[in-house]
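Contents: one structure, followed by commentary.
What follows is calculated from the coordinates using simple rules that are stated; it is not laboratory data. This is a predicted model, so every value here is computed, not measured. Ideal geometry is used to build each Cβ from the backbone, glycine not excepted, and the neighbour counts take in all protein chains shown.
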Amino acid sequence: MDAEQVLLTMPLHAISEVYGEDGLRTRFALEVARMPESARPTLERALEFASVLHRDDRRSREPYLNHLLRSAIRVMCYYGVDDVEVIVATLLHDSVEDHADELAGDREGDRTEAAVAELAQRYGPRVAELVRAVTNPPREPGVDRLEQYRQHIAHSLAANPWARVIKASDFTDNGVGVIHSAPGLLSRMATKYRPVVPILRDLVARPDTPLTDAVKQHIDEQLDLAEERFAAILDS
């Protein structure tokens with residue numbers, strides 16, 4: 001079996017552990033190669049744009065880009081999504097939340113709105129709105145941070161079925177992948193994500209979520225696994 005075939009059979013976090021960012025980039029390229037030729041340049045540009053925006057970001061023990069790559073690959077490979085705008089939005093799903101100022105540049109006004117406008121100019125209004133839907137709003141004074149996070153997911157994703165797909169992949173990477181986090185982060189991450197499981201489970205199961213029943217079942221099983229890992233961290 002050649003190296004590419006190995007990458008196509010490995011779980012995404014295993015690729016991260018063994019081959020790092022280079023391995024995930026190769027796996028992403030293999031998924032992109034299955035797409036129509038006209039779609040490939042957009043996906044490649046979106047990846048490089050994400051690479052620039054998150055160039056100095058770290059996630060526990062790895063480059064933050066690894067999380068974005070895994071999220072996009074999961075959407076393509078495991079969810080069967082070939083919608084280019086959804087994949088681009090998955091690659092860029094943390095861009096506004098983490099790098100609004102850099103995205104907004106010289107645009108005037110609210111930095112979040114300016115960042116969303118920049119994404120709309122680069123990739124179209126649908127990509128921008130998908131990213132907006134999964135972007136956590138600024139913290140409201142007097143509101144519990146984690147409660148605000150849960151409310152945002154419930155309300156924002158209820159109105160945007162395709163954003164649920166992006167959030168499901170993002171959450172799977174965070175939840176199932178929690179065991180790959182640095183030990184000092186485990187309890188904090190499990191506390192944040194555990195109450196979100198039933199919210200996301202309900203959203204994914206809704207009839208208007210644009211995934212097959214088999215994919216919804218796969219996501220449900222991944223949420224079960226995430227719950228088991230949160231319980232192991234918090235209830236032991």
Quick note on VAL196, VAL6, VAL143, ordering by fewest other C-beta atoms within 10 Å, gives VAL143, VAL6, VAL196
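Could you grab the relative contact order for the chain? Cα pairs under 8 Å, six or more apart, rounded to a whole percent.
Reported as a whole number, the value is 15 percent.
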Which whole-Hz ³J(HN,Hα) couplings does segment 176-183 yield from phi under the Karplus relation 6.51 cos²θ - 1.76 cosθ + 1.60, θ = phi - 60°, glycine and proline marked x? 5, x, 4, 5, 8, 7, 4, x
Would you compute, from DSSP H runs of 4+ residues alone, the mean residue ellipticity of the chain at 222 nm, taking -39500 (n - 2.57) per run and dividing by the full residue count, rounded to the nearest 500? -22000 deg cm²/dmol
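Just subtract the alpha-carbon distance of ARG122 and ARG58 from 0.36 nm times their residue separation and send over the number in nm, one decimal.
On the way: separation 64, 0.36 × 64 = 23.04 nm, distance 2.51 nm.
Full-extension gain reported as 20.5 nm.
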Segment 140-168 to segment 1-66: how many Å between their Cα centroids? 27
Give, in whole angstrom and from largest to smallest, the semi-axes √(5λ) of the equivalent ellipsoid of segment 3-234, with λ running over the eigenvalues of the Cα gyration tensor. 23, 23, 18
Enumerate the calculated ³J(HN,Hα) couplings along segment 67-76 in order (Karplus 6.51 cos²θ - 1.76 cosθ + 1.60, θ = phi - 60°), each rounded to whole Hz, writing x wherever the residue is Gly or Pro. 4, 5, 5, 4, 4, 5, 4, 4, 4, 6
Counting only backbone N atoms under 20 Å from a point 7 Å out along Cα-to-Cβ of ARG34, the residues of segment 218-232 in range are 218-222
What does the charge count near GLU118 come to, summing +1 for each Lys or Arg and -1 for each Asp or Glu among other residues with Cβ under 13 Å from its Cβ? -2
